[in-house]
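Working notes, beginning with the structure itself.
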Amino acid sequence: MSVTQSQVRPARVEGIERPIPVGQVATPVRRRPAVLSASWRRLCATSFAVAGITGLIVWVAVSQLIRQGQLEAVLSAGRAELAAPLLVALVVGTGICERLWPAERRPIMARGHVQDVCYLALHAIFVIPLMTLLSVGAAALISDHLHWIELRWTQNWPLWLVVPVTIVAMDGANWLAHYADHRLGPLWRFHALHHSQEELSVLTSFRAHPLMHTTGFLLATVPVVALMPTRAIAPVLITIYVCIGTLQHANLRWSFGPVGRVIVSPAYHRLHHAADVQHANLGVVLTIWDVLAGRARFPARDGVVGRTGLDGRPVPVEQDAASHSLPLLLAEQLIEPFQARG
Ligand SMILES: [Zn+2]
Ligand SMILES: [Zn+2]
C-alpha cells in the first residue's frame, strides 16, 4: 500500500525535515554535541579527500626514493627544472616589460603583486618539492597499477619524434585537468584561489593552492608513462614548457600575432581570468585543445583589457579593504577550500 500525503507527518531528525508514515515509531536519534556537529558542518569533506590523495602519492614517492637512496638527488633535479635560471630570467624580464608596457597600469607595490610574491616564496619553498614528489609518485602508481598503458613499441621511435608527441599529449592532459578544475566542484575549490587575482601579473602563475596540482600531475603523467616508459624528457624542455605557461599571466597586451593562434598568449589567457569567461581558453601552452572543444576565444584586435577576478569574491582577496594583513590573508586563502561555503 502506498503512503499518501495525508498519511505522513513531518519529523525533525538531525535538523532535517523528513516525513514519517503514521503508525511508524520514530527511533530515537543519538545527537552529536551541538558544537561538534556545527564544527563538522563547517568543514568540506571532499577537500580533505583531495589532501588525503595528495598525501598518499607523496608517501609513495618518498618511500620509493628513500628505498633507492635517491630522495635528495631527485628533489635537486626537480628544483633545477622548476626553478631554473631560465625561468627566473623570464619572470624578471617579464616584470620589466610589465612596467614598460602594462596592459593595466598599477603601482609596483599593488597588494595583488605583494600577495603573489608571497605565493612565489611558497612555491619555491614548498610547492616545487611537492610537484617533484607528485610527479614521481604518480609515475610509480601508474607504472605499478596501469602498466598496460605503456606503449613499448614507441621505444623504436627516434627522440625527435617521441618527445614532441609526448609533450603535446602532456599538454592535452593538462588541458583536461584544467577542464576538470572548472567542472568539478571539489577541484574548483582549490582552483578558485588562482582565479581570485584581480591584479594579474606574471607572479600570478605561482598563485595556486598547493593541492591544485594533484590532478594535473596524475593526468599529465599518463601520456609520459605511456609514450616514454623507459626514457625521460630532457629537463630543459620541461623548463621551456613551464616558462611558456608562466608568461601567460603577464600584465601585457601581447597576443603573439599569428603564433597566438597556436600558443597561449597573455592576452588569450587573460580572457580565461575574466569573471564571465572562465569556461573558455583553458589551454596551458597550446590553444588547439580549446579550438577542438569549441572553447577558444581569441583576443579582439581592439586590445580592450577586461577586469579579472571572481564575482562576489568567494575567496578572500587582498583587494578587499576589510581583508587581513597579507601573511594572515595567505593562511586564510589556503584554509578556505576546507571550509564549507554557506
Ligand atoms: Zn582556470
Ligand atoms: Zn591562470
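The values are calculated or read from the model by the stated rules, or taken from the named source; none is laboratory data. Just so you know, these numbers come straight off a predicted model, no measurement behind them. Because the Cβ atoms are built from the backbone with ideal geometry, glycine has one as well, and the counts that use them run over all protein chains shown. Heavy atoms of the whole protein, side chains included, go into the accessibility calculation; ligands, DNA and RNA do not. Shrake-Rupley method; radii C 1.70, N 1.55, O 1.52, S 1.80 Å.
Cβ-Cβ distances below 9 Å connect the following pairs, each with a first residue in the stretch 275-303 that is away from ligand 2 (no atom under 14 Å from the Cβ), a second residue that is in a helix (DSSP H, G or I) and of a type in the set (Val, Ile, Thr), and a separation of six or more residues or different chains: LEU286/VAL168; ILE288/VAL168; ALA296/ILE288. Candidates in the stretch 102-153 are the residues that are open to solvent by less than 30 Å² (accessible area, probe 1.4 Å) and polar (S, T, N, Q); of these, the one that is farthest from ARG231 (Cα to Cα) is GLN115. For the stretch 144-156, does any single residue satisfy the condition of being under 24 Å from the mean Cα position of the chain (by Cα), in a helix (DSSP H, G or I) and of a type in the set (Ser, Thr, Tyr)? No. Among the residues making up the stretch 254-289, a single one is charged (D, E, K, R), surrounded by fewer than 22 Cβ atoms within 10 Å (Cβ to Cβ) and within 16 Å of ligand 1 (Cβ to nearest atom): ASP276. Scanning the stretch 136-167 for residues that are among the polar types (S, T, N, Q) and modelled with pLDDT of 95 or more turns up just one, THR166.
Taking each residue of the stretch 108-128 that is under 14 Å from LEU82 (Cβ atoms) and looking for partners that are open to solvent by less than 60 Å² (accessible area, probe 1.4 Å) and outside any helix (DSSP H, G or I) with beta-carbon atoms closer than 9 Å, six or more apart or interchain, yields LEU120/ARG207; HIS123/ALA83; HIS123/ARG207; HIS123/ALA208; ALA124/ALA83; VAL127/ALA208; ILE128/ALA83. Just to be sure, is VAL284 closer than 15 Å to ALA103 by Cβ and not basic (Lys, Arg)? When the stated conditions are applied, VAL284 does not pass them.
Taking the stretch 182-216 on its own, how many of its residues are closer than 19 Å to LEU82 by Cα and free of Cβ contacts under 8 Å to residues at least 24 places away in the same chain? Within the stretch 182-216, residues that are closer than 19 Å to LEU82 by Cα and free of Cβ contacts under 8 Å to residues at least 24 places away in the same chain number 1. If you take the residues in the stretch 229-253 that are surrounded by fewer than 22 Cβ atoms within 10 Å (Cβ to Cβ) and not in a helix (DSSP H, G or I), which one is farthest from ligand 1 (Cβ to nearest atom)? For the stretch 229-253, the residue satisfying everything is THR230. Selection over the stretch 168-197 of residues that are charged (D, E, K, R) and under 13 Å from LEU211 (Cα atoms) gives a count of 2. State which residue is farthest from ligand 1 (Cβ to nearest atom) when the search covers only the stretch 179-205 and only residues that are more than 15 Å from VAL50 (Cα to Cα), open to solvent by 20 Å² or more (accessible area, probe 1.4 Å) and not in a loop (DSSP other than H, G, I, E, B). So the residue we want is LEU203.
When the stretch 206-218 is examined, which residues are found to be buried (at least 20 other Cβ atoms within 10 Å of the Cβ) and within 16 Å of ligand 1 (Cβ to nearest atom)? Scanning the stretch 206-218 gives PHE206, ARG207, HIS209, LEU211, MET212, THR214, THR215, GLY216.
Selection of the stretch 290-303 for residues being open to solvent by 60 Å² or more (accessible area, probe 1.4 Å) and either aliphatic (A, V, I, L, M) or more than 22 Å from GLY172 (Cβ to Cβ) (or both) yields VAL291, LEU292, ALA300, ARG301, ASP302. Considering only residues in the stretch 274-329 that are touching a strand residue (DSSP E or B) at 6+ places or on another chain (Cβ under 8 Å) and of a type in the set (Ser, Thr, Tyr), the one that is nearest to ALA340 (Cα to Cα) turns out to be THR308.
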